[in-house]
1. Among residues other than Arg76 whose Cβ falls under 11 Å from its Cβ, what is the net charge (Lys/Arg +1, Asp/Glu -1)?
2. Where does the chain land at 222 nm, in deg cm²/dmol rounded to the nearest 500, when only DSSP H runs of n ≥ 4 count, each adding -39500 (n - 2.57), divided by all residues?
3. So for the chain: antiparallel DSSP bridges make up what percent, rounded to the nearest 5?
4. Given springs between every Cα pair under 10 Å in a Gaussian network model of the chain, which of Ala127, Ala138, Ala114 has the largest fluctuation?
5. Rounded, prolate or oblate, given the Cα gyration tensor of the stretch 24-100, with a/c below 1.5 counting as rounded?
6. Sort 43-55, 142-154, 66-78 by packing, meaning the average of other beta carbons within 10 Å per residue, with the highest value first.
7. Please check: in the Gaussian network model of the chain (C-alpha springs, under 10 Å), which one of Thr111, Thr125, Thr81 has the largest mean-square fluctuation.
8. Can you tell me how much longer the chain between Ala56 and Arg163 gets when fully stretched, taken as 0.36 nm per residue apart minus their C-alpha distance, in nm with one decimal?
Amino acid sequence: MHGAASPSPWFLAQRDRLAEAARRGPVLDLACGRGRHALAAAELGARTLAIDRDQAALRALQAEAARRRLPLTSLRADLETPLGIPVKPASCGVILVFHFLFRPLAPAISTALAPGGLLLYETFTLAQRALGSGPRRAEFLLEPGELRALFSDLEPLEHWEGRSDGPPPEYLARLAARRV
């Protein structure tokens, strides 16, 4: 499980885009962990599906969503398998990916977006190693420019890479992109 209880400041800055795109289909939060972004999307009134492989985290997330009466469902799935994402192609209005990187999943993410659908992606870059916290292995860290390249089939709306002052400080890449 990852993340604090509050959603990423960048997620919060993208709320208007998210609300607009969620009209095209449900919000899908991949590798949702404790569900901070799934809950925030559902609080906007968006139908939300949260996927993670941690059954305990999903149970807690589902209980919290029920307590708040939010339109959120959860699904246990391991996204790091050849099976990909367990949703129909072109079915998601929004896909959220925060602090997760499994490069082979990129084509399936693009395919799962509905036309006009929105991808919001934020994860660590190789520069994160300099901070001595967070992931250290290269398979979990993006090269400069790699996030945008992984989703070159989508229309970039916003892209940023650098140090976020946190707390905690992190070296991140962020991408908001639309399927055309």
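The values are calculated or read from the model by the stated rules, or taken from the named source; none is laboratory data. All values derive from a computational prediction rather than experimental measurement. Because the Cβ atoms are built from the backbone with ideal geometry, glycine has one as well, and the counts that use them run over all protein chains shown. Each accessible area value is taken on the protein alone, full model and side chains, heavy atoms only, with ligands, DNA and RNA left out. Shrake-Rupley method; radii C 1.70, N 1.55, O 1.52, S 1.80 Å.
1. -1
2. After summing the helix terms and dividing by the residues of the chain, the value is -6500 deg cm²/dmol.
3. Expressed as a percentage, antiparallel bridges in the chain total about 45.
4. Answer for the Gaussian network model of the chain: Ala138.
5. Oblate is the answer for the stretch 24-100, as a/c is 1.5 or above yet b/c matches or exceeds a/b.
6. Ranked by mean Cβ neighbours within 10 Å, highest first: 43-55, 142-154, 66-78.
7. Of Thr111, Thr125, Thr81, the Gaussian network model singles out Thr81 as fluctuating most.
8. Full-extension gain reported as 35.3 nm.
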